[in-house]
1. Does R234 satisfy being on the phi < 0 side of the Ramachandran plot and among the basic types (K, R)?
2. Considering only residues that are surrounded by 19 or more Cβ atoms within 10 Å (Cβ to Cβ), of a type outside the set (A, V, I, L, M) and away from ligand 2 (no atom under 16 Å from the Cβ), which ones fall in segment 105-121?
3. Among what's in segment 230-251 and is more than 16 Å from ligand 1 (Cβ to nearest atom) and closer than 13 Å to V264 by Cβ, pick the residue that is surrounded by the fewest Cβ atoms within 10 Å (Cβ to Cβ).
4. Which number in (1) more than 12 Å from ligand 1 (Cβ to nearest atom); (2) buried (at least 22 other Cβ atoms within 10 Å of the Cβ); (3) of a type in the set (G, A, S) marks the one condition that A321 misses?
5. With respect to the numbered conditions (1) within 23 Å of the chain's Cα centre (by Cα); (2) over 17 Å from P19 (Cα atoms), which one is the sole condition not fulfilled by R107?
6. Might you check whether a residue that is more than 16 Å from ligand 2 (Cβ to nearest atom), assigned by TED's automatic domain parsing to the domain that holds P248, modelled with pLDDT of 95 or more and assigned to a helix (DSSP H, G or I) occurs anywhere in segment 272-287?
7. Quick one: which of L237, L196 is within 26 Å of R261 (Cβ to Cβ), hydrophobic (A, V, I, L, M, F, W, C), out of contact with any helix residue (DSSP H, G or I) (no Cβ under 9 Å at 6 or more places or on another chain) and touching a residue at least 12 places away in the same chain (Cβ under 8 Å)?
8. Of all residues in segment 54-99, which are away from ligand 3 (no atom under 14 Å from the Cβ), assigned to a strand (DSSP E or B) and touching a Lys or Arg at 6+ places or on another chain (Cβ under 6 Å)?
Amino acid sequence: MPTQMPMLSDSARGFRPLPLITRAPRREPQVPVLGRAPRVHLWHIGCQMNDADREELAAQIADIGCVPETALDDSDIAVLITCTVRANAEQKVFGKFRELIPWKRARPGRAIALTGCMAVEHGEALLGRLPELDYVFDVREPDGFLAKLQALHAPNLDGPVIVPASDRLSAYVSVMGGCNEMCTYCIVPFVRGRELSRPLPEVVEHVERLVAQGVREVTLLGQNVNSYHDQERRARLPELLTAVDAVPGLWRLRFLTSHPRNAVPELFAAMRDLPTVCEQFHLPVQAGDNDLLRRMRRLYTVDEYRAKIEAAVDAVGPRLALSTDIIVGFCGETESEFAGTESLMRELRFDTVHLAAYSVRPGTAAARREDDVPLSEKKARLNHLLAMQREIAAARNALYVGSTVELLVDGIAEDGKPYGRTRENKVAWLPKGAAEPGELHTAQVVEANAWQLQVQPVDKAA
Ligand code: SAH
Ligand code: SF4
Ligand code: F3S
């Protein structure tokens, strides 16, 4: 087995951002003077970090006097915020890109930019591969792109654009970037760089700002969020949760994604003690066999993982909703290793499992091993676990019938039914006319299936 650690890419090692990359000047888009603020369409795929990056980029675009988040047909620039975690994420980006080509050709001056994890991974090579692509940039360092946008498309902008406040109730807040783990299959550390935590007061101030805009539920984000560390203030995730919990007007607090290695008793105590922290815990296990975990470089055993889950449930109570990520068909995964994963899923009975077939990522340590589980076998294993998990989720949700849940109403569907999420992060539906978005209800569960709950209001909590 190769034991050598993979090297970090240049941009990951030193956080050296990718500069704005454009085509050679003669191939730059011929831009007519718009006579108005340029409009920018944003599209994203991938994890919640990209949701947060999209929001940040939209704010930066508005700050320089351009209009973000416009409909594609009304837009001058389309920005793709991409993901590279599996080959199929990249294929979806290429698919989206192909859709944009007729859009770009329909009006002179339109341009396409690509950012996010694929930009860091492939850089300039993308311009060669995609002749209609105009700009590639690192979303962590967008100044070059923003300057270009401003100068090329409207040299005389009037200043920051006021974008109407959104009426959203839930928001993501990145509390740290990067990942220092080196799971052998994973490209994220290469494209997101080393861990870097935001200072605690900055996160609190961000949450206060969101709450002032009407946000009631916040999810703190990091690829390895429980290794959060504000060294100056000696604050780890429990201290951060405590500080954010104290923000007046915040109703609910969640955090993603925890690594089992850093899931410590202090975290479980904070989950138990802080009123806003929801009864939900996402703890990716990836596999249910010690050899497989070692080859993945996850740095824990199945027993250690099980103990973490038990400790979390002990602290928070049996209502704690558990979710995980699992990869099937990793290099050399035998029938018996796969059976270990299956039996762990049966034993721990997660509420939600994000299942994925192993996809080789160039440059990772695992890419040097043979990807020897045939695709048909990966699919068969995936489907087997999907079907099993559907049964488990249905049984877990059935336990809710007759009990009460707290529901934050997010919206009203086309058929008039209000819907929202419970503290355990389950989707729940109310009868028509029973509630308005933004309300917090106590409701009784009357029906459940694998994916959602049907509830009746008992009273309005807020
Ligand atoms: N930091 C998080 C999330 C990382 S990416 C964590 O540690 O869990 C999200 C998920 O994608 C991972 O949990 C893993 O299950 C999956 N994933 C990552 N690389 C993959 C690959 N090469 N093939 C298939 N799935 C992968
Ligand atoms: Fe990838 Fe998560 Fe492992 Fe980091 S902890 S390398 S993001 S799977
Ligand atoms: Fe994808 Fe980048 Fe997230 S690779 S999963 S968007 S960190």
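The values are calculated or read from the model by the stated rules, or taken from the named source; none is laboratory data. On a predicted model such as this, the values are computed, not experimentally measured, just so you know. No Cβ is skipped: glycine too gets one built from the backbone with ideal geometry, and neighbour counts run over all protein chains shown.
1. no
2. R110, T115
3. Selected residue: E239.
4. Among (1) more than 12 Å from ligand 1 (Cβ to nearest atom); (2) buried (at least 22 other Cβ atoms within 10 Å of the Cβ); (3) of a type in the set (G, A, S), A321 violates only (2).
5. Going through (1) within 23 Å of the chain's Cα centre (by Cα); (2) over 17 Å from P19 (Cα atoms) one by one, R107 breaks only (1).
6. Taking every residue of segment 272-287 in turn, at least one turns out to be more than 16 Å from ligand 2 (Cβ to nearest atom), assigned by TED's automatic domain parsing to the domain that holds P248, modelled with pLDDT of 95 or more and assigned to a helix (DSSP H, G or I).
7. Exactly one residue qualifies, and that residue is L196.
8. V67
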